[in-house]
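These notes are about the structure you will find just below.
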Amino acid sequence: MTTVDLDRAWDLHSQVSVRPEPFGALLYHFGTRRLTFLKDRRLLAVVRSLADAPSAREACRAAGVRDDELASYRSALTALVRSSMVVGRNP
Amino acid sequence: MTAPAKTERSDRQPARLVDLFEHGLDAPICLTWELTYACNLACTHCLSSSGRRDPRELTTREAKAVIDELEAMQVFYVNIGGGEPTLRPDFWELLDYATAHRVGVKFSTNGARITPDAARRLAANDYVDVQISLDGATPDVNDAVRGPGSYDTAVRAMRNLADAGMKNFKLSVVCTRHNIPQLDGFAELADRYGAQLRLTRLRPSGRGADVWDELHPTSAQQRVLYDWLLAHGERVLTGDSFFHLSAYGESLPGLNLCGAGRVVCLIDPVGDVYACPFAIHDDFLAGNVRDPGGFTGVWRASELFRELRTPQQGGACASCSFYDTCKGGCMAAKFFTGLPLDGPDPECVRGFGEESLARRADDGTQVPHSSVDHSRRTAPRARTGPVDLVLVRRPDLTAPPVSDCAEDPLAGLRFS
C-alpha cells in the first residue's frame, strides 16, 4: 500500500487508546505496544470521526481540512494504517 | 530510564516526540509501580533493595484509588514490579481492576508464581504483558546474581507461559559484565519460548550500588552491546535505557530521552512518588499518593518535577558533539556514583565518566546512599539434614534430672 484510499471507511483499531494533548494527541496500541502521536488537533478530530464517517475524505471535510491540505492528512493516515493504529472498516 | 514503548513518527510530522516530552506532560505515558518490597529472592543488584514487606504498604483500597487516578489521567499502562509483585495477596485483584479500567499492566516477576494456571489467566488478558527476569543465559551466570535455583524458576515460568499460548511476553535481562558474552544465548532462549528479549542497563541503585563496580560492563563490552543492539535493534526492547551509547555514533531505536518526572515516574510500595525507578532517594522524592492531591497532585505540582521539566543545561557535557542524543546519560547512574548531575555519565563512552570516577578519591566525594532499604537483615538459614542425636546417661548424675523449680535449692550440694 502506498497511500490510503480516502474514499473508503476506516476506523481506529479497537485496541488503540487515544489521549488528547495540547499539541494534538498520543496514541497507544495495546496489541503492538507502540506509541505514536498526532501533531495537531484537527488530525485528532479526523481520527476520532473515522468510525462514523462514510469515508476518510468525509471525516477530513467534517474536521475542516481544506482540499489543498488533503494530501498531508492522507500521508498521516497512511502512517497510522501502516502501524495498525487505523484499520479498514466495512460500512 | 524506563521509557515508553518504541515510537514511530509519521511522514508529515517534522517535530520530534522527544522535544514535546522534554517539558513534561499533564500525565505520565507510563509509570513504574513497585507493589511490594517483599521478595522471595535477594538479587545482589536489586535496584529497590527489596526483601522484607513494608508494614506501611498501600492497602488494596488505596491501590485501587491510585488506579482510578491513572484511568482518569489516561495513563496508558503501568510497569508493575517490586520486590516480587505476585507475593501481594491482592495481586490478581489489582491486575484485573487495572485492566478493567483500561490501564494496561506490564509486570516483572522472577516467575516463582507463574504456575500453569496463572499463565493461562495471563494469556487470556489482552491488556497484560509479563516480563520474566533472568540475568544469565546459563544457570551459573544467572544464579550467581539472582540466587540458587532462580534460573530454573524463570525457565519454568517461560515454559508455562508458552504452553498457555502467551505470545511475545518479555525475557528481561539486566546487562552485566558476565552476561554480555551471552547476548546471542538470550536471543535463542527468548525465541525458544516465543518471547521478546528486553535488555536494560545495570544501575548503581539500591543494592546495585554495592556490586556496580564489579558487575557493570567494561568499556569494551559496551561497544559489543552497542554493535549488537544496532544489528538486532528492531527486535529487541531496551526500555530506552542505553541512550548514552548513542555517542558511539548512530542513535539507537527509541526516544533517547531521560523521561524522569517528565513522562515517567515511580510509585513505591508505601506510595512515595520518585522521579524514576532508579532514584529511590530523598533527593528525588516528589510526594506521596496519600497526600491530599493524590498522585495527580504530585505529578502536576511537585517542585522537583517542575524543576526536571525545565530545559537541562549540559554543564560539562555541553560542548560535546554527542550531547544532543546522549543528554549526559542517566541521572540516577551519576547520582549514585557520586558524580555531578550536569556532568558525564559514569559509563560515558568517550571515557569522561571514568575520569570523573577516578577523581572522586582525591576530591573527597561522598557517594550518596538511599535510606530506603528493605533487604533481609540476615541470609536465610542454610538448610541442613536431620540432626543425629545420641542418647546417653550422664555419669555425674545420681538421680534423674528434675525441673529447676521443683528441685530443692540444696539439691546437688555435697557435704564432705
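When B:ASP19 is tested against (1) open to solvent by 10 Å² or more (accessible area, probe 1.4 Å); (2) modelled with pLDDT of 95 or more; (3) within 14 Å of chain A (Cβ to nearest Cβ); (4) over 28 Å from B:VAL155 (Cβ atoms), exactly one condition is not met: (2). Being away from chain A (no Cβ under 14 Å), at pLDDT 95 or above and open to solvent by less than 40 Å² (accessible area, probe 1.4 Å): is that true of B:LEU95 here? When the stated conditions are applied, B:LEU95 passes them. Among the residues of segment B:50-79, those that are buried (at least 22 other Cβ atoms within 10 Å of the Cβ) and hydroxyl-bearing (Ser, Thr, Tyr) comprise B:SER50, B:TYR77.
Of all residues assigned to segment B:170-180, none qualifies as being open to solvent by 40 Å² or more (accessible area, probe 1.4 Å), without any contact (Cβ under 8 Å) to a residue 40 or more places away in the chain and of a type outside the set (Val, Ile, Thr).
The sole residue among A:THR32, A:THR36 that is of a type in the set (Val, Ile, Thr) and at the interface with chain B (Cβ under 8 Å from one of its Cβ atoms) is A:THR36. For segment B:49-92, name all the residues that are out of contact with any His (no Cβ under 7 Å at 6 or more places or on another chain) and within 14 Å of another protein chain (Cβ to nearest Cβ). If the condition is that a residue be out of contact with any His (no Cβ under 7 Å at 6 or more places or on another chain) and within 14 Å of another protein chain (Cβ to nearest Cβ), then B:LEU70, B:ALA72, B:MET73, B:GLN74, B:VAL75, B:PHE76, B:TYR77, B:VAL78, B:ASN79 are the ones that fit.
Output the residues belonging to segment A:46-77 that are open to solvent by 40 Å² or more (accessible area, probe 1.4 Å), away from chain B (no Cβ under 11 Å) and assigned to a helix (DSSP H, G or I). Within segment A:46-77, A:ARG48, A:ARG57, A:GLU58, A:ARG61, A:ALA62, A:ASP67, A:ASP68 meet the criteria. Please determine whether any residue of segment B:316-323 is over 30 Å from B:ALA38 (Cα atoms), open to solvent by 50 Å² or more (accessible area, probe 1.4 Å) and touching an Asp or Glu at 6+ places or on another chain (Cβ under 8 Å). Yes, that holds for at least one residue. May I ask you to list the residues in segment B:342-373 that are touching a residue at least 24 places away in the same chain (Cβ under 8 Å), open to solvent by 60 Å² or more (accessible area, probe 1.4 Å) and among the charged types (D, E, K, R)? Listed by number, the residues that qualify are B:ASP342, B:ARG350, B:GLU354, B:ASP373.
The values are calculated or read from the model by the stated rules, or taken from the named source; none is laboratory data. Keep in mind that what you see is a predicted model, and the values were worked out from it rather than measured. Backbone-built Cβ (ideal geometry, glycine too); neighbour counts: all protein chains shown. Remember, those area values only see protein heavy atoms, side chains included, never the ligands or the DNA or RNA. Shrake-Rupley method; radii C 1.70, N 1.55, O 1.52, S 1.80 Å.
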